[in-house]
Amino acid sequence: MADEVILLDFWPSMFGMRTRIALEEKNVIFDYREQDLWNKNPILLEMNPVHKKIPVLIHNGKPVCESLIQMEYIDEVWPSKTPLLPSDPYQRAHAKFWGDFIDKKVYASARLIWGAKGEEHEAGKKEFIEILKTLESELGDKTYFGGETFGYVDIALIGFYSWFEAYEKFGNFSIEAECLKLIAWAKRCVKRERECF
């Protein structure tokens, strides 16, 4: 029996991008189902009754929610393909730490750039840049966060890159001027995606 893989998603979601990239990395064929977040589909509400949000990965009728968890699930279910997480327990824990950092820090501060005004907006912009600088420091001189291998942390962060231009416009600043190495990393990831897919 072939695997039935369905992804409930909304195309601009940086979280959904993670799951799509992870599935593509593993060459998993999936049925992409675009969701209207303002008129939620019954299948979305059924498959994610707690949070009622995307992305939802449905594998053989069973839902897996939350993008970082989905990435781990994909890595475990389809292990014969290129691994997303390192096999070494310490390196794997390290990658999960940075994925969690991205989840908790990047999105929250980015929301303040386009959703807040005045001092809160400026504080969000400053915090966002500091978070990106922290990530840039972790990247160092490596090609990808995992060294020469594109993986979990890269996938966790790259979806945000598609929003950088909007953050810059709303925040009236340049991410590239502040985080040149991180932008170079993002461009490598995008170029890699175009070559691979």
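Observations on the structure shown:
- Some residue of region 146-160 being farther than 17 Å from Leu68 by Cβ, aromatic (Phe, Trp, Tyr) and touching a helix residue (DSSP H, G or I) at 6+ places or on another chain (Cβ under 8 Å): no
- If the condition is being assigned by the TED database to the domain that holds Ala95, open to solvent by 10 Å² or more (accessible area, probe 1.4 Å) and not in a helix (DSSP H, G or I), then region 170-197 contributes Asn172, Phe173, Ser174.
- The numbered conditions (1) surrounded by fewer than 20 Cβ atoms within 10 Å (Cβ to Cβ); (2) in contact with a helix residue (DSSP H, G or I) (Cβ under 9 Å, 6 or more places away or on another chain); (3) over 20 Å from Ala108 (Cβ atoms) are all true for Met14 except (3).
- If you go through region 14-56 and pick out every residue that is closer than 20 Å to Phe160 by Cα and of a type in the set (A, V, I, L, M, F, W, C), you end up with 9.
This table checks each residue for (1) under 30 Å from Lys81 (Cα atoms); (2) at pLDDT 95 or above; (3) in the same structural domain as Met14 (by the TED database).
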site	(1), (2), (3)
Ile102	yes, yes, no
Tyr107	yes, no, no
Arg111	no, no, no
Gly115	no, no, no
Gly118	no, no, no
His121	no, no, no
Ser137	yes, yes, no
Lys142	yes, yes, no
Thr149	yes, no, no
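- Conditions (1) among the charged types (D, E, K, R); (2) over 16 Å from the mean Cα position of the chain (by Cα); (3) closer than 15 Å to Val153 by Cβ: number failed by Glu122: (3)
- Of the candidates Phe170, Phe150, Phe164, the single residue that is touching a Phe, Trp or Tyr at 6+ places or on another chain (Cβ under 7 Å), within 24 Å of Ala22 (Cα to Cα) and not aliphatic (A, V, I, L, M) is Phe150.
- Restricting region 137-169 to residues that are part of a helix (DSSP H, G or I) and surrounded by fewer than 18 Cβ atoms within 10 Å (Cβ to Cβ), the residue that is farthest from the chain's Cα centre (by Cα): Lys169
The values are calculated or read from the model by the stated rules, or taken from the named source; none is laboratory data. Everything numeric in this text was worked out from a predicted model, so none of it was measured. All Cβ positions, even for glycine, are placed from backbone atoms using ideal geometry, and neighbour counts span all protein chains on display. The protein model used for the area step is the full one, side chains on, heavy atoms only, and it has no ligands, DNA or RNA in it. Shrake-Rupley method; radii C 1.70, N 1.55, O 1.52, S 1.80 Å.
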